[in-house]
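The values are calculated or read from the model by the stated rules, or taken from the named source; none is laboratory data. Note that the structure is predicted; figures quoted are calculated from it, not measured. When we count neighbours, we look across all protein chains shown, and the Cβ atoms used for this are built from the backbone with ideal geometry, even at glycine. For accessibility, only protein heavy atoms count, side chains too; no ligands or nucleic acids. Shrake-Rupley method; radii C 1.70, N 1.55, O 1.52, S 1.80 Å.
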Amino acid sequence: QPRSRGLGDVYKRQIKYNPFKTTIEDQDDIWEVKFGSTHLLPTSNSIQSKKFAFRFGIHYFYEINFSPAKRFALAIGLGYNFQQLKTNGIFEGSPDATFTPAENINNLSNPRLNIHELNFPLELRLKLQSELKFYLAYNFTVPVSNNMKYKVDGDDLNEKNTAPINAFQHGPSLRVGYKDFFLFTRYNVSSLFLTPEFESVELFSFGISLGG
């Protein structure tokens, strides 16, 4: 004879966890603000000078927790990145977007390339009871604009979209943190530039990240 369905069965059915209905209150680190430094690899490249390169980013994440304990989750993000590269010369606005070394330009000073990007990370999250967190992501990045800033004979110059930036970039990143404080690193698998001369130049960045 079939067993009748009791109150216990109804209760179990009601509390069944649905990861796709994770409320905002149950999500961790839905915001991220990061500060760091960006460098071009290999280090023997002729573009970047050895000065500090500033990087800033801000992201919003929607977190899908796979259990009520929130130990393992998938986060889908959308954000903005800004990075500034100190360069050994400038990209000129010619059809070939050639790079002219600083030594070939009289009285050139403080050349830097600013890049503005939209970033779409997919992040796997592991959160331990000790509040240690390990977030491994893969990023899909679309540069929106770039501008080359420098001085010649003391005059400030600003040329927009002269650098041959790759229109689509991607690569893995890792955040390791405790509570809301993280250290991060990211490596671009794709090349930063389109020109054959620099097609093997890739971005590597690291720094600190704040979640909440």
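Looking across S205, S173, S209, S130, one residue alone is more than 22 Å from the chain's Cα centre (by Cα), within 30 Å of E63 (Cβ to Cβ) and not aromatic (F, W, Y). It is S130. Within region 185-204, restricting attention to residues that are hydroxyl-bearing (S, T, Y) and modelled with pLDDT under 90, the residue that is surrounded by the most Cβ atoms within 10 Å (Cβ to Cβ) is T195.
Scoring T100 on the criteria (1) of a type outside the set (G, A, S); (2) without any contact (Cβ under 8 Å) to a residue 24 or more places away in the chain; (3) open to solvent by 30 Å² or more (accessible area, probe 1.4 Å) leaves a single failure, condition (3).
Selection of region 174-212 for residues being in contact (Cβ under 8 Å) with a residue 60 or more places away in the chain, small (G, A, S) and touching a Ser or Thr at 6+ places or on another chain (Cβ under 8 Å) yields S200, S205, G207.
Here's a check for you: in region 185-202, which residue that is under 13 Å from the mean Cα position of the chain (by Cα) and part of a loop (DSSP other than H, G, I, E, B) is farthest from G57 (Cα to Cα)? Here the residue is V189. The residues of region 168-184 that are open to solvent by 60 Å² or more (accessible area, probe 1.4 Å) and either of a type in the set (S, T, Y) or in a loop (DSSP other than H, G, I, E, B) (or both), listed by number, are F168, Y178, K179, D180. When region 131-160 is limited to residues that are surrounded by fewer than 15 Cβ atoms within 10 Å (Cβ to Cβ) and of a type in the set (S, T, N, Q), the one that is farthest from P196 (Cα to Cα) turns out to be N158.
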